[in-house]
């Protein structure tokens, strides 16, 4: 008639048995999502703290250096074997400026001067943006030093006196 159960004060109902089985198999994702969020925020913060990524034109073969200083984002002048570009926009061809005997490269000077005037105008309305006169030169490893010297001189004449050279770091 009745079952005898030893050492149990009461008989658990079928509902409680089912609930206890489900509780064991159910996985709570809240803690895992919190963990992934923290990891994601950490990675984003460390990525932005490392500095900006500098991409070189595929035509360029940058020289190798032992410099450890990370580059900062500045106005970029790229010197390939055929042309000079400012922020990816072609300014002039190399052949036109190597034979003229001038030290100042006029098209490059005009472009840099326009950019300086534009930045100074913006800084009047937005004090967080200031013209610092910083330029980063990405030069192909095979360009003659006289061309690099002309580009550096032209940059200085246009108000960009803080000149950095982009290189591949040798570790």
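Observations, loosely collected:
- Flag for residue 140 being farther than 13 Å from residue 76 by Cβ and without any contact (Cβ under 8 Å) to a residue 12 or more places away in the chain: no
- Meeting the requirement of 3 or more residues that are at pLDDT below 85, the helices (runs of 4 or more DSSP H) wholly within segment 49-159 are 94-98, 106-125.
- Scope segment 160-171; condition surrounded by 15 or more Cβ atoms within 10 Å (Cβ to Cβ), modelled with pLDDT under 85 and not in a strand (DSSP E or B); matching residues: 166, 167
The values are calculated or read from the model by the stated rules, or taken from the named source; none is laboratory data. Remember, predicted model here, so these are calculated numbers, not experimental data. Neighbour counts run over all protein chains shown; Cβ positions are idealised from the backbone, glycine included.
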